[in-house]
Amino acid sequence: MEKVKIFLCKGCEIAQKIDLEKLKKHFNSNAQVESIEILTTLCDGAAREHLAGVEGALLFGACDERTHGVIFRELAGSNPYQLVNLRERCAWVHDDQTEATAKAQRLLSMGLAELSTRPPDQAEWDLDLLHRVLVIGAGPAGLACVRALAEQGCDVTLIEKTNRLGGTLRRTRTVWPSGEDSEKLLHRLYNELQDELHVTVYQQTELVELTESLHGYRVKLSNDVEEEVGAIVVATGIREVGGNLFEFEYRWRDRGDFRGPLAFEVKEDVHPFLLETALWDAVMLRHEKPEERIVFFVPESVVLPEGFKEGAEKHNIEIIRGSIPGGVTGVTGVMSLRPERKLRVIVKMPRRGTGVRGVTGVTGWRGAVVKLGKLVGNLPQELAQALRIPMDKDGYLVQRRFRIRPRDVVHPGIFVVGGAHAPMPMEETINHAFVVAARIKAMFNAKSKRLPAAQIDEEACIGCGYCAAVCPYGAPILERTDTGHKARISPRFCTLCGLCIAGCPVFAIFDPIKSRKTIRAQIESWGNS
Amino acid sequence: MKILGFTCDWAGFALDYAGMIRQKYSADITFINLRCSARFDMVDGVQALANGADGIFFALCPLGDCHYESGNHHAVSRINHFKDLLQIAGLNPERIGFAHADTTDAVGLKNEIESFCSKVKEIGDLSSQVFDRPELVLRVAAMKRVVSSEPVRWTLSKELELVRKGNVFDEKLDAEAYAQLVRDLLRTEYHKGLILEQLAEPRNAVEVAQATGLSAHRVFELIVELERETRASFDRIEHERPLYVEVADG
Ligand code: SF4
Ligand code: SF4
C-alpha cells in the first residue's frame, strides 16, 4: 500500500489541547506513514504553497469536513485524502491534555485505516443529463411547467391522457382564490404554449414504459414514440370521487346562469379543500342571487375548516348538520347538458324552489344538489410504480427525502408538481410549476454530482429480495436471470444509506465509500491504539 | 475504559456542534461516522467487543426524523437484537446504549454521552467481569459466529415481512413474538457457536459440554443439528465415544 503523508494543524486551539509533538513521534514509527508534519494552519495560503506538488495519499488532522471540506479538497488536489476532525471531535471537547492526545492518536489511526482501505476510483460521478423533459399531464401545472421550461430553451414533450388540454382548468369556473376566469387562464397558458417552438404535444397518450439510460430515462409512450429525456415531470393532478363539484362548476360556467335553491351535500370523507372551494362558489353565487337559499348539509363527523362558519354566516349561507332529510325529491327541472363526454345529468334544477326548513319534519330537498366527496390523486398505480414514487392511500405522491431536498424532488430527475402532491390552490399550483421548471434547469446546468451507489456482488447474491424490500428509495430491483433472481441497484436512486448493506443476509452488497473492510479496519485501529 | 461510538452523519452534526459550543464530554468515547445508523451491522458490534470495547454507543436521528426515511427504526431494532445477544452471552447489555439527537441538539447529546460513559464506568471493564480473559475471547468468538451465521441474518432480514404482516392482526404482540423468536434463535446459534469453537479438533460431546458449560444433553442436541446443517461432522470413534469436528467453510 501507498505510504501516507500526515499534516497536522496547530491552529484553532488544537495545539493547546493536543500534544502534537507526541503524536508526531508516535506516527513516525508507523510503517504506513511516510512523513508527518505540523503546520501553523492548514487552511491558509502558506499551507497551500507548502503542499503544492506533494503527491500520494494525504491525511489531514484538522477540523470539520462540513465547514472546511472545500479547503482540504483543494489542498489535496488529485491526491486521495482523508480529513480527521481533531477540533470539534477532540480539542474542543476534552480538557485533559493526556486524554485528548490519546484520543487524537486514536482518531488519526482510524483516519489512516479509512484512507488505506478506501476503494480507489470511487469518486462522485457526474449526472450528465439530456436537456429534454417529459411532462405528464396537460393540466394547469403541466402547462405552466412546459411553458417555463420551453422559455428556458429546453426541449419538452407533453403528453396528455385525454384528447383535450387543460385538465382541471377546463372543469372549473373560476380560479380559487383569485377569482380569475378559468377559461381565460387556460387560454393564456395555452396560447403562450403554442408560440413556443420546442414543445411536442401528444394527446391521448400515456407513458407505458420507463427505463434508466445513461443520460436520463428512456421512455416509451402509448403512441409508440420512444425517446430519451433528462427529467420527467409528473403533473397528473387530482380527481373527484363520489362528488361533482367540478362538474357543477363546469355546467355553471357553461350555462352562465343558475336558478333555484342549491344544496351542497357534504360526504363524510370530504376533502377540506373541496369545502373551501365550494364555499367560495357559494359566496359567488350569493352575489348573483341574493335571495336564493344556499345550504351546506354537513355530517356531524366532518370538521369544518377554520373560518368556514363565519364566512357562510356572513353571506347568509346555511349550514345544517346532518344529511339531507328524506333525500332529494321533487326535482322538476333538468339542466341542459352538452353532449360532450356523454355526461349524465349532474345538476338538477327545480322549477319551483322549495326546501328544507329545519332538520325535523321535512320531506326532502327540492333543488339542485352538489355533492362534495373525496379528492384523490390521478396517477395510475402502475405509473407510480414505474416512476418509483410511493403513493399514500388517497393516491397522492408521497414527497420523499424532504429533509435532504425539500419541496419537489422525488428522485433525481423525477419531479412532481401541482395537485399530484396534494390539492392546492390554482395559483400555488402554477407557482409550484415554475419553481420546478427552474429546478430542472438548474439541475441540467449544474451537472450535479452524485455519490457512487451501493454495488451488488452478483455471484454472492441469492436473490432474497431483502434489499428491494427495505430500500426507502426503490433502488434495488430483483431481476430474473439464468441463475435465479439477482438484485441490481440503480445508481440514480441509491443514496448509499446502507440499509440494505447491513441487512443483506449473505454480505453481497458493497459500500464503495465506507466498505465493511474500512469499518473493520477502523475498529481494529481504534482497538490497537 | 474504551467506548466506541457510532454516529450517523446527521447526529454527527450535533456532535460537531457540541464541539463548536465547547460541550465537554469524556475522552473515553471515540466515534465512527456511518452515513445512516442503519449501516450498523451486528458484525461491527462484535468486532468492537473483540477489539476491547467496554461499551458501544450509538447516536442517531430522532425516530420519524431519519434522513433516510426509516433507517433509524432498523438501527434501533438491530441495536436491540445486539443487546439481546450480549445478554445471552452473559455480558451486561447495559454496555450498549443509544441516543436520538437532532442535528442541533448538541447539549442533549452530550448529556446522553456523559451518562452513558459514567454508566459503563460503573459496570467496569469488560474483562473485569466474573470470568477471565480467555473466557471472554471464547464468548466473543461464539458471538461472531452468531452474527454472521446465515440463519440469523436470514431471519433478521425477514423482520420487515414478518412484523409487517403481523400488523394486520395485532401489532404489539407480533413484534414481541418476533423479538422472542429472534432471541431464541440467537441463543441457539450462540450455543452452537460455543460448541463449534470447541470442535476445531475432534472432540466428543461430553468434553464439549465440560468446556462450554452447557448440559451434555443440549450439546448432543445441537451437534445433531450442526451435522444436519453440515457445519459439523462425525470424525471417528474413540474410547467408544463419537468424536465430532467442525466442517471447514466452503
Ligand atoms: S439482500 Fe443481498 S442476497 Fe438479498 S437480493 Fe439483495 S443483494 Fe441479493
Ligand atoms: S444503500 Fe440505501 S439507497 Fe442504496 S440501495 Fe441500499 S437501501 Fe437503497
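The values are calculated or read from the model by the stated rules, or taken from the named source; none is laboratory data. All of these numbers come straight from a predicted model, not from anything done at the bench. For neighbour counting, all protein chains shown are included, and Cβ atoms are generated from backbone atoms with ideal geometry for every residue, glycine included. When the accessible area is computed, the model is the full protein with side chains, heavy atoms only, and any ligands, DNA or RNA have been set aside. Shrake-Rupley method; radii C 1.70, N 1.55, O 1.52, S 1.80 Å.
When B:PHE234 is evaluated against the numbered criteria (1) open to solvent by 30 Å² or more (accessible area, probe 1.4 Å); (2) under 21 Å from B:GLU150 (Cα atoms), which criterion, by number, is the only one it fails?
Only one criterion is unmet by B:PHE234, namely (2).
State which residue pairs qualify: first residue near ligand 1 (Cβ under 10 Å from one of its atoms) and inside region A:471-500, second residue among the polar types (S, T, N, Q) and part of a strand (DSSP E or B) in any location, beta carbons under 9 Å apart, and separation of 6 or more residues or different chains.
Matching pairs, first to second residue: A:ILE489/A:GLN455.
Out of region A:14-31, which residues are open to solvent by less than 70 Å² (accessible area, probe 1.4 Å) and either within 44 Å of the chain's Cα centre (by Cα) or not aromatic (Phe, Trp, Tyr) (or both)?
Selection gives A:ILE14, A:ALA15, A:LYS17, A:ILE18, A:ASP19, A:LEU20, A:LEU23, A:LYS24, A:ASN30.
Step by step: first the residues of region A:479-502, then only those that are within 12 Å of chain B (Cβ to nearest Cβ) and either acidic (Asp, Glu) or in a helix (DSSP H, G or I) (or both), then the one that is farthest from B:ILE32 (Cα to Cα). Which residue is that?
Of everything passing the filter in region A:479-502, A:CYS500 is farthest from B:ILE32 (Cα to Cα).
Output the residues belonging to region B:1-24 that are more than 8 Å from chain A (Cβ to nearest Cβ), among the aliphatic types (A, V, I, L, M) and surrounded by fewer than 22 Cβ atoms within 10 Å (Cβ to Cβ).
Once the filter is applied, which keeps residues that are more than 8 Å from chain A (Cβ to nearest Cβ), among the aliphatic types (A, V, I, L, M) and surrounded by fewer than 22 Cβ atoms within 10 Å (Cβ to Cβ), region B:1-24 yields B:MET1, B:ILE21.
Of the numbered conditions (1) more than 13 Å from chain A (Cβ to nearest Cβ); (2) open to solvent by less than 10 Å² (accessible area, probe 1.4 Å), B:VAL152 satisfies every one except a single condition; which is it?
Condition (1) is where B:VAL152 drops out.
Identify, by number, the condition in (1) touching a residue at least 60 places away in the same chain (Cβ under 8 Å); (2) out of contact with any strand residue (DSSP E or B) (no Cβ under 9 Å at 6 or more places or on another chain) that A:SER301 doesn't meet.
(1)
Can you tell me which residue among A:PHE444, A:PHE493 is surrounded by 19 or more Cβ atoms within 10 Å (Cβ to Cβ) and within 8 Å of ligand 2 (Cβ to nearest atom)? Don't jump to the end; show me each part of the working.
Working: A:PHE444 fails: within 8 Å of ligand 2 (Cβ to nearest atom).
Only one candidate passes the filter, namely A:PHE493.
In region A:496-507, what count of residues is obtained for those that are within 13 Å of ligand 2 (Cβ to nearest atom) and at positive phi?
Restricting attention to region A:496-507, the residues satisfying the condition of being within 13 Å of ligand 2 (Cβ to nearest atom) are A:496-504.
Still in the running and at positive phi: A:496, A:498.
Total satisfying the criteria: 2.
Between A:PRO505, A:PRO476, which is at the interface with chain B (Cβ under 9 Å from one of its Cβ atoms) and open to solvent by less than 60 Å² (accessible area, probe 1.4 Å)?
Details: A:PRO476 fails: at the interface with chain B (Cβ under 9 Å from one of its Cβ atoms).
Just a single option satisfies the conditions, and that option is A:PRO505.
Cβ-Cβ below 6 Å, separation at least six or inter-chain, first residue in region A:427-441 and within 10 Å of A:PHE415 (Cβ to Cβ), second surrounded by fewer than 24 Cβ atoms within 10 Å (Cβ to Cβ) and of a type in the set (A, V, I, L, M): which pairs?
Cβ pairs passing all conditions: A:ALA437/A:ALA148.
Given the conditions (1) touching a Gly at 6+ places or on another chain (Cβ under 7 Å); (2) touching a residue at least 40 places away in the same chain (Cβ under 8 Å); (3) closer than 16 Å to A:LYS103 by Cβ, report the number of the one that B:ASN33 does not fulfil.
Status for B:ASN33: all satisfied but (2).
All but one of (1) modelled with pLDDT under 85; (2) open to solvent by less than 30 Å² (accessible area, probe 1.4 Å); (3) not small (Gly, Ala, Ser) hold for B:VAL208; which doesn't?
So B:VAL208 meets the others, but not (1).
Identify, from the list A:ALA468, A:ALA454, the residue that is within 12 Å of chain B (Cβ to nearest Cβ), near ligand 2 (Cβ under 9 Å from one of its atoms) and surrounded by fewer than 22 Cβ atoms within 10 Å (Cβ to Cβ).
Numbers: A:ALA454 fails: surrounded by fewer than 22 Cβ atoms within 10 Å (Cβ to Cβ).
The unique qualifying residue is A:ALA468.
So the check is Cβ under 6 Å with 6+ separation or different chains; which pairs have a first residue in region A:508-521 that's under 16 Å from A:ALA468 (Cα atoms) and within 10 Å of another protein chain (Cβ to nearest Cβ) and a second one that's within 13 Å of ligand 2 (Cβ to nearest atom) and among the basic types (Lys, Arg)?
From region A:508-521, no pairs qualify.
Could you list, in sequence order, all residues of region B:48-65 that are at the interface with chain A (Cβ under 8 Å from one of its Cβ atoms) and either aliphatic (A, V, I, L, M) or over 22 Å from A:LYS517 (Cα atoms) (or both)? Write out each step before concluding.
Kept after step one, since they are at the interface with chain A (Cβ under 8 Å from one of its Cβ atoms), are these residues of region B:48-65: B:48, B:50-53, B:65.
Hits for region B:48-65 are B:ALA48, B:ALA50, B:ALA53, B:ASP65.
For region A:87-109, which residues satisfy the criterion of being more than 7 Å from chain B (Cβ to nearest Cβ) and within 37 Å of the chain's Cα centre (by Cα)?
none
So which pairs qualify, if the first residue must be in region A:13-29 and of a type in the set (Lys, Arg), the second must be outside any helix (DSSP H, G or I), the Cβ gap must be under 6 Å, and the two must be at least 6 apart or on different chains?
That search, which allows pairs on different chains as well, returns A:LYS24/A:ILE36.
Find the residue count for region B:25-66, including only residues that are surrounded by 24 or more Cβ atoms within 10 Å (Cβ to Cβ) and in a loop (DSSP other than H, G, I, E, B).
The qualifying residues number 6.
Just need a number here: residues in region B:137-147 that are in contact with a helix residue (DSSP H, G or I) (Cβ under 6 Å, 6 or more places away or on another chain) and within 14 Å of chain A (Cβ to nearest Cβ).
Qualifying residue count for the region: 4.
Any residue in region B:67-89 that is open to solvent by less than 10 Å² (accessible area, probe 1.4 Å), out of contact with any helix residue (DSSP H, G or I) (no Cβ under 7 Å at 6 or more places or on another chain), in a helix (DSSP H, G or I) and among the aliphatic types (A, V, I, L, M)?
Taking every residue of region B:67-89 in turn, at least one turns out to be open to solvent by less than 10 Å² (accessible area, probe 1.4 Å), out of contact with any helix residue (DSSP H, G or I) (no Cβ under 7 Å at 6 or more places or on another chain), in a helix (DSSP H, G or I) and among the aliphatic types (A, V, I, L, M).
Filter region A:508-520 down to the residues that are open to solvent by 20 Å² or more (accessible area, probe 1.4 Å) and within 7 Å of ligand 2 (Cβ to nearest atom) and list them by number.
Of all residues in region A:508-520, those open to solvent by 20 Å² or more (accessible area, probe 1.4 Å) come to A:510, A:513-514, A:516-517, A:520.
Those that are open to solvent by 20 Å² or more (accessible area, probe 1.4 Å) and within 7 Å of ligand 2 (Cβ to nearest atom): none in region A:508-520.
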